[in-house]
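Inspection log for the structure reproduced underneath, given as structure tokens.
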Amino acid sequence: MPRSFNQKLKILFLMKIFQEKTDPEHPVPVRDIITEMEGYGISVERKTVYDDIETLRTFGMDIRSRRGKKAGYYLAERTFRLPELKFLMDAVQSSKFITEEQSRNLIKKLESLTSICEAKKLQSQVMTGQGIKAVNEEIYTNIETIYDAIAQNRQISFRYYEWTVSKKLVQKRDGNRYHVSPGKLLWKNENYYLLGLDELSGVVKHYRVDKMRQVEIEGRKRNGETIFRDFDLGKFSSGTFGMFGGKEISLKIKFDNGLIGVILDRFGQKAVILPADDSHFILQAHIHVSGQFYGWLAGLGAGAEILSPEKTRREYVDFLKETLKKYED
């Protein structure tokens, strides 16, 4: 690349040096900046470096200087702090709905948002090959298509798959396409779900995005717009167990006081909680009652008791009896 052309880009290469090579623990002296610039085919003087640093500061970059043993200039503030990048990396690693390769590529992009030295700290925490990952390479395209359909107020169609005992993905509905009015995308239980109005049944259902294939935008307008406009995603998420749906029922459940942390973690700080006695409290909540919910409740043992409605209380007893039969002699 001709040197004269590089000179026009010197301010951009200086920005690149600060973004990649510096942080509060690793300032760079002016002499090293000059050496780095020479590596890009750019010849600069010390005064020019000082002037360009001031230009970058005016532009909005928080470039500071330090004296002493580690003297030099460094980029003090970035869009993401290191703990924030770590949170994002953990989310990527634990996400089941993207493939292993997609996880690695995303993590590399996150590492590029900090300095090389800080990125090494992140790399030391990366655990490759952990957990269960999706095999659907279409996941990014699916999400983009769904968002486009919502923005255009259009229905979508797709083929939906499920696992068999032979560990193979097979098409549901004999391969016939699903026609859905998309409403919301929800991340729950380390999976990504589409909440949408199934045009065949007229019922709001959820679909695993990683099990959707060949997603296409249809010409027909979405239905159920008012449903999703007023849809309380947080309430739905806290009241749905394992995304297995079930009929929403208003329940009263009595718990031991020692389980208050478990309940607040599950239902949030806005949960309606009333004292029952010195040792118990009552939760009032709208819950999608399903086998997954009963299984969660059973895991709390004798510390939880459904008070009402009586029908749900009896169904829970039947659930426990059916489970117990598997272990009877």
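The values are calculated or read from the model by the stated rules, or taken from the named source; none is laboratory data. Since the structure is predicted, the reported quantities are computational estimates derived from the model, not experimental observations. Note: ideal-geometry Cβ built from the backbone for every residue, glycine included; neighbour counts use all protein chains shown. Remember, those area values only see protein heavy atoms, side chains included, never the ligands or the DNA or RNA. Shrake-Rupley method; radii C 1.70, N 1.55, O 1.52, S 1.80 Å.
Remark: spin-label model distance ARG220-ASN105 equals 3.4 nm, labels positioned 7 Å along the Cα→Cβ axis. Annotation for region 251-329: GluC sites (Glu not before Pro) lying in DSSP loop with at most 14 further Cβ atoms inside 10 Å of their Cβ are GLU328.
Based on Cα contacts under 8 Å between residues 6+ apart, region 68-126 shows a relative contact order of 39 percent. Annotation: THR141 carries an accessible surface of approximately 80 Å², with a 1.4 Å probe and no ligand, DNA or RNA atoms counted. Using a probe of 1.4 Å on the protein chains alone, the accessible area found for ARG159 is around 70 Å².
The order of ILE282, ILE217, ILE146 by accessible area, most exposed first and with a 1.4 Å probe, is ILE217, ILE282, ILE146. Across region 66-76, coupling constants 3J(HN,Hα) worked out from phi with the 6.51/-1.76/1.60 Karplus curve, θ = phi - 60°, read 9, 10, x, 5, 9, 8, x, 10, 8, 8, 7 Hz, and Gly and Pro carry x. Each residue was assigned an accessible area with a 1.4 Å probe, and for GLU20 the value is about 60 Å². How big is the gap, in Å, between the Cα center of region 276-297 and the Cα center of region 82-118? Cα centroid of region 276-297 versus Cα centroid of region 82-118: 36 Å apart.
For P(r) over Cα pairs in 20 Å bins from 0, in percent, the value computed from the atomic coordinates appears in the list (1) 29, 52, 14, 4, 1; (2) 31, 61, 8, 0; (3) 22, 40, 29, 9, 0 under label (3).
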